[in-house]
Amino acid sequence: MTALTVTVPESSIAALRRSPTEFVREMKLAAAMHWYQQAIISQERAAELAGMNRRDFIRALARDRQEVFTLTEESLSRELGLEEHQA
């Protein structure tokens, strides 16, 4: 696992009324959700980034009223096994 150091203004943490630990946990979840919604990372990787299992990540998405399952035309074709038949 890679450790990163991020400098955040103390006023931002205070404005959100979060402890530094809560702030980091929420920031990781927000990044994971964002990148998942953008189809940059898979649901499994997003859950891992957020420090959750997939079930809890799906619940977090639902709580935040975000799309739980994102499908692109490419990913749907792959899931349905259509890619190999198009060649």
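Quick notes on this structure:
- Filtering Glu67, Glu10 for residues that are surrounded by 10 or more Cβ atoms within 10 Å (Cβ to Cβ) and either without any contact (Cβ under 8 Å) to a residue 40 or more places away in the chain or out of contact with any strand residue (DSSP E or B) (no Cβ under 9 Å at 6 or more places or on another chain) (or both) leaves a single hit, Glu67.
- Flag for Ile41 being outside any helix (DSSP H, G or I), at pLDDT 80 or above, under 10 Å from the mean Cα position of the chain (by Cα) and surrounded by 13 or more Cβ atoms within 10 Å (Cβ to Cβ): yes
- For Gln66, the conditions (1) modelled with pLDDT under 80; (2) part of a loop (DSSP other than H, G, I, E, B) are fulfilled apart from (1).
- Test: residue in region 22-41 that is touching a Ser or Thr at 6+ places or on another chain (Cβ under 8 Å) and not hydrophobic (A, V, I, L, M, F, W, C): yes
- Test: residue in region 31-43 that is closer than 26 Å to Thr5 by Cα and in contact with a Lys or Arg (Cβ under 7 Å, 6 or more places away or on another chain): yes
- Only residues that are among the small types (Gly, Ala, Ser), touching a Phe, Trp or Tyr at 6+ places or on another chain (Cβ under 9 Å) and under 12 Å from Val68 (Cα atoms) were counted across region 12-46, and they come to 2.
- Identity of the residue in region 13-37, of a type in the set (Gly, Ala, Ser) and touching a residue at least 12 places away in the same chain (Cβ under 8 Å), that ends up surrounded by the fewest Cβ atoms within 10 Å (Cβ to Cβ): Ala31
- The sole residue among Ala47, Ala15, Ala60, Ala32 that is in a helix (DSSP H, G or I) and under 22 Å from Leu76 (Cβ atoms) is Ala47.
- Which numbered condition Leu76 misses (of (1) exposed (fewer than 15 other Cβ atoms within 10 Å of the Cβ); (2) outside any helix (DSSP H, G or I); (3) not polar (S, T, N, Q)): (2)
- Test: Arg55 is without any contact (Cβ under 8 Å) to a residue 60 or more places away in the chain, at negative phi and surrounded by 12 or more Cβ atoms within 10 Å (Cβ to Cβ): no
The values are calculated or read from the model by the stated rules, or taken from the named source; none is laboratory data. All values reported here derive from a predicted model rather than from experimental measurement. Note: ideal-geometry Cβ built from the backbone for every residue, glycine included; neighbour counts use all protein chains shown.
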